[in-house]
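Novice: This is the structure, below, for whatever I ask next.
The values are calculated or read from the model by the stated rules, or taken from the named source; none is laboratory data. Here the structure is a predicted model, which means the values were calculated and not measured. Virtual Cβ from ideal backbone geometry, glycine too; neighbours counted across all protein chains shown. Areas reflect the complete protein model, heavy atoms only, side chains present, ligands, DNA and RNA absent. Shrake-Rupley method; radii C 1.70, N 1.55, O 1.52, S 1.80 Å.
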Amino acid sequence: MKPKRTYKDSLFRHIFNDKRRLASLYESLTGRKVAPRDIAITTLRGVFFNDIKNDISFRIGDRDIILMEHQSSWNPNMPLRMLWYVAKLYSRQLDSQEVVYRSRLIPIPAPEFYVFYNGNQDEPDYQKLRLSDAFAHAANTLELTVDCYNINYSTKNKLLDSCYELRCYSIFVQKVREGIQNGLELRTAIRQAITYCKTHDLMGDYFQKNESEVFDMVNFKWDQKRALEVAKEDGVAIGEARGEARGEARGKLLGERNAMMKVALSLLKKGLPVGVITESTNLSLEEVRKIAKDNGLAF
């Protein structure tokens, strides 16, 4: 029986869920050579939509724990998210009873945090984000620093120049974007980008072996992004409807609920994860299930 393919995983995660490629990327980031055999992948994989899951995390022996996140939208709150992730990883590694009652210091792997950004917002090639920047007032009680790299393709990007696999990924994404900007349908743009990589020594073997998975993952990612944009546009319409219905409280509530249900139905049809739908609409899981059932949609 073939394993079920999870097209909703990002292409970045799919490429770097590989010890050899992780070793190459980590060496480019730090200058430190790591043998793939010394890497243990520890990525969090939530079972339910509201479980904690991250893009990539791995240990190097017992000394280091590395967390990497890919972002197509700029998010200044990544230090807080990294704090959640590393706390979960530590809790999996350590016995809580031992932490509470052990009389000697318990050694833990030192964490490192990296974000790889390839969105449309203009960001520098490299910057640091600090958890303390989000504090309500200045305090030195807790700090977490994230190294952020802009991996949009550029011939002057030092990290891309030093890491072959990351450069290939960056060029692939750029080619898909160029195709869309030139008026191609998404499916055609993805196919052309795959062909370009296969014929220009850009991880050709990977794209040859995983062509169908790459196509489905990228197609879903772009469709999901557009669906969220539609949901945002619908949210503007909802706001206008709220203003018009301000005089009648009951009418307002009914109008909002109906609008949210329409948004949920639209997102269900586009195949978005349930967690995204409930968060976007403020509807409960049971309400979303009923909408899916009433409209004959798989859930």
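Novice: Can you work out which of the residues in the range 143-156 that are of a type outside the set (Ser, Thr, Tyr) and either under 16 Å from residue 75 (Cβ atoms) or modelled with pLDDT of 95 or more (or both) is most open to solvent (accessible area, probe 1.4 Å)?
Specialist: Residues of the range 143-156 that are of a type outside the set (Ser, Thr, Tyr), as a first pass: 143-144, 146-148, 150-152, 156.
Now restrict to residues that are either under 16 Å from residue 75 (Cβ atoms) or modelled with pLDDT of 95 or more (or both): 143-144, 146-148, 150-152.
Working: 143: 92, 144: 14, 146: 0, 147: 28, 148: 4, 150: 16, 151: 2, 152: 39 Å².
Checking each candidate, the answer is 143.
Novice: Additional query: Would you mind finding the one in 90, 101 that is under 21 Å from residue 55 (Cβ atoms), aromatic (Phe, Trp, Tyr) and without any contact (Cβ under 8 Å) to a residue 40 or more places away in the chain? Before the answer, list the steps.
Specialist: Numbers: 101 fails: under 21 Å from residue 55 (Cβ atoms).
Result: 90 is the single residue among 90, 101 that is under 21 Å from residue 55 (Cβ atoms), aromatic (Phe, Trp, Tyr) and without any contact (Cβ under 8 Å) to a residue 40 or more places away in the chain.
Novice: Another question about this same structure. When the range 167-200 is examined, which residues are found to be farther than 18 Å from residue 219 by Cβ and either touching a helix residue (DSSP H, G or I) at 6+ places or on another chain (Cβ under 6 Å) or surrounded by fewer than 17 Cβ atoms within 10 Å (Cβ to Cβ) (or both)? Steps first, please.
Specialist: At the first step, the residues of the range 167-200 found to be farther than 18 Å from residue 219 by Cβ are 167-168, 170-171, 199-200.
Answer for the range 167-200, where residues must be farther than 18 Å from residue 219 by Cβ and either touching a helix residue (DSSP H, G or I) at 6+ places or on another chain (Cβ under 6 Å) or surrounded by fewer than 17 Cβ atoms within 10 Å (Cβ to Cβ) (or both): 167, 170, 199, 200.
Novice: Just wondering, is there one or more residues in the range 66-74 that are at pLDDT 95 or above and β-branched (Val, Ile, Thr)?
Specialist: Checked against the condition, which is being at pLDDT 95 or above and β-branched (Val, Ile, Thr), the range 66-74 yields at least one hit.
The rows are residues; the columns are (1) at pLDDT below 95; (2) open to solvent by 80 Å² or more (accessible area, probe 1.4 Å); (3) within 19 Å of the chain's Cα centre (by Cα).
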{"position": "78", "(1), (2), (3)": "no, no, yes"}
{"position": "96", "(1), (2), (3)": "yes, no, no"}
{"position": "100", "(1), (2), (3)": "yes, yes, no"}
{"position": "108", "(1), (2), (3)": "yes, yes, no"}
{"position": "112", "(1), (2), (3)": "no, no, yes"}
{"position": "116", "(1), (2), (3)": "no, no, yes"}
{"position": "120", "(1), (2), (3)": "yes, yes, yes"}
{"position": "123", "(1), (2), (3)": "yes, no, yes"}
{"position": "131", "(1), (2), (3)": "no, no, no"}
